[in-house]
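K.L.:
This is the structure, below, for whatever I ask next.
The values are calculated or read from the model by the stated rules, or taken from the named source; none is laboratory data. Since we're looking at a predicted model, the values are computed, not measured. Positions of Cβ are backbone-derived with ideal geometry, glycine not excepted, and every protein chain shown enters the neighbour counts. For accessibility, only protein heavy atoms count, side chains too; no ligands or nucleic acids. Shrake-Rupley method; radii C 1.70, N 1.55, O 1.52, S 1.80 Å.
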Amino acid sequence: MSSFSIWFALVALALVFVSSVSADDVVVLTEANFDQEVGKDRGALVEFYAPWCGHCKKLAPEYEKLGSSFKKSKSILIGKVDCDDQKSLCSKYGVSGYPTIQWFPKGSLEPKKYEGARTAEALAEFVNKEGGTNVKIASVPSSVVILTPDNFDQVVLNETKDVLVEFYAPWCGHCKALAPTYEKVAAAFKLEEDVVIANIDSDQHKDIAEKYGVSGYPTLKFFPRSNKAGEDYDGGRDLDDFVTFINEKSGTSRDGKGQLTSKAGLVPTLDGLVKDFLSASSDEKKEVYSRLEDEAKKLEGSAARYGNIYLKAAKNCIEKGADYASKEIQRLERILEKSVSPAKADELTLKKNVLSTFVA
């Protein structure tokens, strides 16, 4: 086999692997990976859906809950096929309406149509019966703060917090479709003490909804520390849209998984002094350190915490030598590769990010 053929085969294999990876716990299936994932050594429940389909949107949070519950089961696959994108695959399996849910037994590509209720519990009961498993629907704790008349003002009008509020109605299809994404937004920012992701049942608490001019659902309003009258959120409703919005408005640096980005903890006013510190002679470094210390004392809130990390890094560079920062970064990266708590990962990432400014 030629080197080109080997390269082409590896690329094709990589594409198949990537295409089967999903951001959530439901495997995205396409023509490229369907036969590799389905009909092999595990049973598969597959939802054939269309992105514009209202019933599909209503099913989405329940189906994702199902995927989350079965993600550790080696004998079961929970998958989905976008029929707008994969028309021939859906046609192959006789899909004419959405959503169509089919069960593929282990070792078979001959499906059995699911005709039961479209709840996570009913779907799990069916999969357990067909697949011989005994999986319970996982109860995932919510990171969304539930608002009521008793706590609305206390949470939303708190001038130390940036608060995103979803005004929803339980019967609203668009609200149900948004629910799993909104949960992910809340989870992404749950370690940010000054950011709150909340919602309120506007059907039950109409007075509050009317007070803020809510006439349709879902309505999203942002209540920053600087404006407790509230601002309409008119951005996109994908996870990345919300994350980008919160980061820009609140000065946070999170990604969709809640992990800190490489920009987290960096303070521009201190970064300039770090450049002076790196170019200074051994004797001059102490003078620049004093300037760093003076500037750090002016910082407030979370920035003050970051300032202390800068000062500790500079002090260690003076005491332990110019290569301290690069060696310490390598040590922190080794720790981060292991299983550490989210809070510990935040702490180590902040330190790593600040130390990176001390590497010449």
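K.L.:
Want the number for S215 to D241: 0.36 nm per residue separation, take away the alpha-carbon distance, what's left? Intermediate results must be reported in sequence, preceding the final value.
P.N.:
Numbers: separation 26, 0.36 × 26 = 9.36 nm, distance 2.30 nm.
Going from the current span to full extension adds 7.1 nm.
K.L.:
Can you bin the chain into rounded, prolate or oblate? Criterion: square roots of the alpha carbon gyration tensor eigenvalues sorted a ≥ b ≥ c, rounded for a/c under 1.5, prolate for a/b above b/c, oblate for the rest.
P.N.:
oblate
K.L.:
On a full-extension model of 0.36 nm per residue, what is the gain between K206 and S290, subtracting their alpha-carbon distance, rounded to one decimal in nm? Write down the numbers at each step before the final one.
P.N.:
Numbers: separation 84, 0.36 × 84 = 30.24 nm, distance 5.67 nm.
So the chain would gain 24.6 nm between K206 and S290.
K.L.:
Could you pull out the pairs from K71/K129; K161/K257; K80/K257; K249/K351 whose alpha carbons sit more than 19 Å apart here?
P.N.:
In this structure, K161/K257; K80/K257; K249/K351 exceed 19 Å between Cα atoms.
K.L.:
Would you be so kind as to identify which of G251, L164, F358 lies farthest towards the positive end of the dipole of the chain, taking Lys and Arg as +1 and Asp and Glu as -1 on Cβ and the Cα centre as origin?
P.N.:
F358
K.L.:
Taking only protein heavy atoms into account and a 1.4 Å probe, give the accessible area per residue of the range 15-168 in Å².
P.N.:
52
K.L.:
A further question on this structure: What is the distance, in nm, between label points placed 7 Å from the Cα along the Cα-to-Cβ direction at K275 and at C172?
P.N.:
Between K275 and C172, the label points sit 4.7 nm apart.
K.L.:
Hey, with R₀ at 35 Å, roughly what FRET efficiency would K338 and W52 work out to, going by the Cβ-Cβ distance, to 0.05?
P.N.:
Plugging the Cβ-Cβ distance into 1/(1 + (r/R0)^6) gives 0.20.
K.L.:
Which value, in Å², gives the accessible area per residue of the range 225-312 when a 1.4 Å probe is used on the protein heavy atoms? Could the numbers behind the result be given before it?
P.N.:
Working: 5330 Å² over 88 residues.
Normalised by residue count, the accessible surface of the range 225-312 is 61 Å².
K.L.:
A further question on this structure: What GluC sites (Glu not before Pro) does the range 323-360 have in DSSP loop regions with at most 10 other beta carbons within 10 Å? Display every interim value, and only then the final one.
P.N.:
Numbers: sites: E328, E333, E337, E347; in loops: E337.
Passing both the DSSP loop test and the Cβ count: E337.
K.L.:
Could the peptides 224-236, 313-325 be put in order, highest first, of the mean number of other beta-carbon atoms found within 10 Å of their residues?
P.N.:
Ranking the peptides 224-236, 313-325 by packing returns 313-325, 224-236.
K.L.:
Here is a follow-up. How far is it, in nm, from the label point at E115 to the one at S282 when both lie 7 Å from their Cα along the line to the Cβ?
P.N.:
Once both label points are built, they end up 8.6 nm from each other.
K.L.:
By how many nm would the segment from D35 to D194 grow when fully extended, if each residue of separation counts as 0.36 nm and the alpha-carbon distance is taken off?
P.N.:
Extending this stretch completely gives an extra 52.5 nm.
K.L.:
Same structure, new question: Could you pull out the GluC sites (Glu not before Pro) across the range 232-307 that fall in loop regions by DSSP (anything but H, G, I, E, B) with no more than 14 other Cβ atoms inside 10 Å?
P.N.:
Those that pass, being in a loop and sparsely packed, are E300.
K.L.:
Among the aspartates and glutamates, which fall within straight-line cross-link reach of K298, defined as a Cα-Cα distance under 17 Å, with same-chain neighbours fewer than 8 residues apart omitted?
P.N.:
Hits, sequence-local ones excluded: D271.
K.L.:
In the calculated pair distance distribution of the range 161-215, what percentage of Cα-Cα distances lie above 13 Å?
P.N.:
Result for the distance tail: 62 percent.
K.L.:
Is there a quick way to get the dipole size of the chain? I mean about its Cα centre, with the Cβ of Lys and Arg at +1 and of Asp and Glu at -1; what is the value in debye to the nearest 20?
P.N.:
Its charge dipole is roughly 1040 debye.
K.L.:
OK, next. Could you check how much of the accessible area of the range 270-360 is carbon and sulfur, as a whole percent, using a 1.4 Å probe? Mind dumping the intermediate values first?
P.N.:
Working: 2600 of 5410 Å².
Carbon plus sulfur share of accessible area: 48 percent.
K.L.:
With the full set of protein chains in place, find how many percent of the accessible area of the range 81-192 is carbon and sulfur; take the probe as 1.4 Å.
P.N.:
Carbon plus sulfur share of accessible area: 50 percent.
K.L.:
Next question. Given the pairs K106/K176; K92/K136; K315/K352, which are separated by over 25 angstrom at their Cα positions?
P.N.:
K106/K176; K92/K136
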